[in-house]
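Peer 1: Below is one structure. I have some questions about it.
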Amino acid sequence: MINFQNIEKSFGEQLVLKSINLEIKKGELMVLLGASGSGKTTMLRMINGLENPDFGSIQIANKRLENRPLLELRKEIGYVIQKVGLFPHYSVYDNVATILRLKNEKEQVVKEKVEKWLDKIGLRVSVYGRKFPAELSGGEAQRIGLARALVAKPKIILLDEPFSALDPISRLKIRNEFREIQKEEKLTAVMVTHDVLEAVSMADRICLLAHGEIQQVGTPQEIIYKPKNQSVKEFVKGDQFQAALASVSLREIIPFLKADALENQDLDSSVLDYLQEADSTYHAIVLNAFYKWKEELL
Amino acid sequence: MEVFKQLIEHIELTLVSLCIAILLGVAIGILIAVNKRSTKTVLTLVNTIQTIPSLALLGFLLPFLGIGVVPAIMALFLYALLPIVRNTYTGISEVDASVKESAIAMGMTRSQILFKVELPLALPYVMAGIRTASVINVGVATLSAFIAAGGLGKFILQGIQLNNTNMILAGAIPASLLALFFDAILGKIQSSSTKVIRWFSIILLGGTFIYLLISGVQNFNKSTIEKDLIGGFPSEFVYREDGLKGLFKAYDFEIKYVEMEIGLMYQALANGEVDVVSGFSTDGRIKAYNLRTLEDNRNYFPPYEAAPVARQLIIKKYPEIKESLARLEDRITNDEMTEMNFKVDERKMQPEEVALDFLLAKGILSTEREAPVKRSGIIKIGSKAFTENYILAHLFKFVIEAHTNLKVELKLGFGGTKLLMDAMKNDEIDLYPEYTGTALLLLLETNTQERESIMSNPEKVYGFVKRESLKQFEFEWLSTLGFNNTFAILMRSEQAAKLNLQNVEDLAKYSLQ
């Protein structure tokens, strides 16, 4: 669906992306993961033409980006950013309706679609339609941001650290809701984050970037268990990554746990059995995470 | 009603200039917000304009735009520009980067972003700028009276010149009320919805455009028809009893005229904005601007012969003062005095230097050095705050010190005749130059009949003034200096020659009716 071919980009003297090749498949959620300054946001912004590569090309549905009318293309790509960027002088309703109006949709159609999407993200038009962005909580605002990005039925949605400014509870909720919508609508989604926990818990695949280069592309498990090089390993070893690892491991573990073990709460032996089978190089970490999880559970 | 008419004129000036400033200011503000490279230059430029004193700005514009409503609107427009440009720029720059990015990513064109997002969000800033500009404009518009553009400033100007407090208030109170009114209205609009602001802008700008169109057509018609001589007179001259009204009466004619500030008047005459002005006979600018004095052939203006006036007591104490100053009797002609004023005003020479040069040239003082004398006794000489008086005070000083043993102290630059009189009465000064006409009309208590009967005869006036000053104040008038600095009706020399105008009576040819 989206194809980066030999992309290179520098800002002034500084090379921010070098020889980037990446294919993002239709309907998958690709997370661009990396520390700040790794070039992940620049990559994302190239997809809707907010940045242009110095060399190489980007193809969307096998058409080179530079051959497409940019303004039309942008209307087909949803865009969600950390600071949301709702228009402060528009009501919630008008904010969501803007892009439909830009596309000259009839007001009747606009109304139907806005109502549908506000409903879908759990904010009713009757309550929220007339509110202004200043009256919304952070979580509400980002839901509106999502509705705005989705209302025109884009094939692609780009998300730049969309949930990182939210409190932990709304962050978890909205993450799951988005994931459901994304699967349901078969959206091709590209999400930028530095939050490993978020990456591994949401991604179909992760593209790990460091110093403007792709280090590894793979499923969360591949990134965790089969780090391709030292750089990925370093990332994996980080504190942040351990937490993520715990979360992923448990997700992986639970289906394997014996049903009676869950009922009897005799989890320990069940986990040990699993770990022997899994032949993981990270036994200790997984085990540690498991005990923590168990403590919380009990 | 006069106040109402001036108020309307004032509103016209303010609104028209404000609207042009809004149109251009918002446009410039947008431009510099979009094109960041020009920001600093443009903001510095409009900032600089703002720092020019209002009267100076009117002076700068005079050679290009002349006098009247057009330069006044231009000046007001320039003043209104800064707050509007700066606020528009700030308003647009302050739009949150994430909001702008959302708009771009949504596929908006540049103009859609400007009109749907940036301008609506900048609107409160723009309105605040317009509010500031309107209040500034109502204030500055009072100065338009200086260049004959009318408005409430006319009252203020007249009031100041005629020392009439009620008249000043008649201009100042409506002006401040108007400023408050504008501020309140614009404040109300500022806090209302975008729709109201949009309609307000359309009505305001549309109205101004139509107004400009209509008044433009009117002016065009006017300027093609009229070929009259136009007078330019300071308010004081227009309204005082022995000023313009009396002049028209005495000569039985009337020409079209505008009121203007005295400092700008000469320049306006030189630039051909006006053709006839009232000045003073010995003003240096007569020479500087190559003007001609039309002869007052009906002797309408009273004589203003200059002479030293001293406290009687000091003359009794030092009779040598009188003797020494007698050497100046009838030694200065009008042309010579004009020349001396010209040297100070236009050539920027020191009054002291000019006075000394004159005395040496006339042989009243010699260059030969006399042996230093031991000074005994001090005499204090005062003067009013204008060039001619400074020069005269120095002349007196040189002559007295050369021919007596007295030491002279100068106390120059009194703000007005009244202050000088008080200083004389309190023995703070002993002697100062005065004019017979001023004493006759302002200082001495006289009855109208007596005044009228002697007014056209300089000798009688001098005699009267000398006698009455002694009686009323115990001041002694010494011998006159020879020149007569009375009111003068002035024209450009070349125009007067071309139209063959010699005296004031000749102006009757150009009378309105």
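Peer 1: Around B:Lys322, with a cut-off of 14 angstrom between Cβ atoms, what is the net charge of the other residues, counting Lys and Arg +1 and Asp and Glu -1?
Peer 2: 0
Peer 1: Taking a point 7 angstrom from the Cα of A:Lys226 along the C-beta vector, which residues in segment A:187-207 have backbone N less than 16 Å away?
Peer 2: So the set is A:205-207.
Peer 1: Work out from phi, with θ = phi - 60° and the Karplus expression 6.51 cos²θ - 1.76 cosθ + 1.60, the ³J(HN,Hα) of each residue of segment A:21-34, listed in order in whole Hz, and give x for Gly and Pro.
Peer 2: Once rounded to whole Hz, the list reads 10, 7, 10, 9, 7, 4, x, 9, 9, 9, 9, 8, 10, x.
Peer 1: Continuing with the same structure: Which ³J(HN,Hα) values in Hz, rounded to whole numbers, follow from the phi angles of segment A:164-179 under the Karplus curve 6.51 cos²θ - 1.76 cosθ + 1.60, where θ = phi - 60° and Gly and Pro get x?
Peer 2: 6, 8, 8, 6, x, 5, 5, 4, 4, 4, 5, 4, 5, 4, 4, 4
Peer 1: Further question on the same structure: How much length is gained on full extension from B:Leu419 to B:Ala326, taking 0.36 nm per residue of separation minus their Cα-Cα distance?
Peer 2: So the extension gain works out to 30.8 nm.
Peer 1: Share of antiparallel DSSP beta bridges in the protein assembly as shown, in percent to the nearest 5?
Peer 2: 50 percent
Peer 1: Tell me, what HN-Hα J-couplings in whole Hz come from the Karplus equation 6.51 cos²θ - 1.76 cosθ + 1.60 at θ = phi - 60° for each residue of segment B:26-37, using x for Gly and Pro?
Peer 2: 5, 4, 5, x, 4, 4, 6, 6, 7, 9, 5, 5
Peer 1: Using amide H atoms built in the peptide plane, which far-off residues or other-chain residues are under 5 Å from A:Asp160 H to H?
Peer 2: A:Val80, A:Ile81, A:Gln82, A:Val192
Peer 1: In addition: Amide H neighbours of B:Asn271 under 5 Å, at least 5 residues apart or on other chains, H built in the peptide plane: list them.
Peer 2: Close amide H contacts, sequence-distant or interchain: none at all.
Peer 1: Which residues' amide hydrogens lie under 5 Å from the amide hydrogen of A:Gln216, considering only partners 5 or more residues apart or on another chain, with H built in the peptide plane?
Peer 2: Under 5 Å from the amide H of A:Gln216: A:Leu208.
Where a number appears in this text, it was derived from the coordinates with a stated rule and is not lab data. All figures in this text were calculated on a predicted structure; none of them were measured in a lab. Reconstructed Cβ throughout: ideal geometry from the backbone, glycine too, with neighbour counts over all protein chains shown.
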